[in-house]
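J.: Handing you this structure, nothing more for now.
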Amino acid sequence: MRVLVVDDEPALLESVRRGLVAGGWAVETAPDGEIGLEMAADGDFDVVVLDIMMPRRSGYEVVREMRRREIWTPVLMLTAKDGEYDEADAFDLGADDYLVKPFSFVVLEARLRALVRRGAPERPVSFVAGDLEVDPAAREVRRGPERIPVTAREYAVLEYLIRNRNQVVSKPQILRAVWDAAYDGDDNIVEVYVGYLRRKIDTPFGARAIETVRGQGYRLVDSEMAGAGG
């Protein structure tokens, strides 16, 4: 199994390399994020290990750019940053696992094996339908270059629709996904919020992303601004 380890601390980088080689891994190393990104893009690796605080590109920037380029190789962040927000940021940007230094080689290898077993399915950091983009990490919505302000509830409904792009979802499904279990009001509240969204993401742009499927629910499809791409 081939692993790329990216870290700007030479002693630690060599220590990790030796430990993984002793465990039977084929290891390549990079001393900074810029070199690491290009190696990840050009090489056929089973898994990538990234430090966060590095010169030229941070580990955050590397994993974000990997996912932007549709490089789905599993990524484990190996870092001294132990804050819960640091870890959350890593996952939101596309990392698959997170291990804090100092660490156990036994645990590191076990986590790498688990990542390799999962493979490298597509798991985009943001969701796109035509020129409509929903970014869960930033909780932002864009139509082309324009950022569209939405409320928290509108965002939650839209994220559910775009995660199920091109599939029909019913009002009860949206209620279960977006409203809490204690909600016992009318399911027409979904229709209200779909209306709010259409007035923000579709109507001003001459687009029709959210379709009503009579008697079944709603479907979000690829739809671009009127005149886009023309």
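J.: Restrict the check to the range 79-99 and report whether at least one residue is part of a helix (DSSP H, G or I), of a type in the set (D, E, K, R) and in contact with a helix residue (DSSP H, G or I) (Cβ under 7 Å, 6 or more places away or on another chain).
T.: Among the residues of the range 79-99, at least one is part of a helix (DSSP H, G or I), of a type in the set (D, E, K, R) and in contact with a helix residue (DSSP H, G or I) (Cβ under 7 Å, 6 or more places away or on another chain), which makes the answer yes.
J.: Residues of the range 139-154 being touching a strand residue (DSSP E or B) at 6+ places or on another chain (Cβ under 8 Å), of a type outside the set (A, V, I, L, M, F, W, C) and buried (at least 19 other Cβ atoms within 10 Å of the Cβ), which ones?
T.: Correct list: Arg143 only.
J.: Spot the failing condition for Arg176; the list is (1) open to solvent by less than 50 Å² (accessible area, probe 1.4 Å); (2) over 18 Å from Ala209 (Cβ atoms); (3) part of a helix (DSSP H, G or I), and only one is missed.
T.: (1)
J.: Given (1) in contact with a Phe, Trp or Tyr (Cβ under 7 Å, 6 or more places away or on another chain); (2) over 15 Å from Val5 (Cα atoms); (3) of a type outside the set (A, V, I, L, M, F, W, C), where does Pro136 come up short, assuming only one miss?
T.: (1)
J.: Hey, another quick one. Which ones in the range 15-31 are open to solvent by less than 60 Å² (accessible area, probe 1.4 Å) and either in a helix (DSSP H, G or I) or hydrophobic (A, V, I, L, M, F, W, C) (or both)?
T.: Across the range 15-31, the qualifying residues are Ser15, Val16, Gly19, Leu20, Trp25, Ala26, Val27, Ala30.
J.: Quick check on Val134: is it at pLDDT 90 or above and among the β-branched types (Val, Ile, Thr)?
T.: For Val134, the condition - at pLDDT 90 or above and among the β-branched types (Val, Ile, Thr) - is met.
J.: Right, another one. Within the range 121-131, take every residue that is crowded, with 16+ Cβ neighbours inside 10 Å and within 22 Å of Asp96 (Cβ to Cβ) and give me the one that is modelled with the lowest pLDDT.
T.: Once the filter is applied, the top-ranked residue is Val125.
The rows are residues; the columns are (1) assigned to a loop (DSSP other than H, G, I, E, B); (2) within 30 Å of Ala95 (Cα to Cα); (3) at pLDDT 90 or above.
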| site | (1), (2), (3) |
| --- | --- |
| Arg153 | no, yes, yes |
| Leu158 | no, yes, yes |
| Tyr183 | yes, no, no |
| Asp186 | yes, no, no |
| Arg208 | yes, no, yes |
| Gly215 | yes, no, yes |
| Tyr218 | no, no, yes |
| Met225 | yes, no, no |
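J.: Answer yes or no: is there a residue in the range 45-56 that is outside any loop (DSSP other than H, G, I, E, B), touching a residue at least 12 places away in the same chain (Cβ under 8 Å) and either open to solvent by 50 Å² or more (accessible area, probe 1.4 Å) or over 23 Å from Pro121 (Cα atoms) (or both).
T.: no
The values are calculated or read from the model by the stated rules, or taken from the named source; none is laboratory data. Note that this is a predicted model, so its numbers are computed, not measured. No Cβ is skipped: glycine too gets one built from the backbone with ideal geometry, and neighbour counts run over all protein chains shown. The area values use the complete protein model at the heavy-atom level, side chains included, leaving out ligands, DNA and RNA. Shrake-Rupley method; radii C 1.70, N 1.55, O 1.52, S 1.80 Å.
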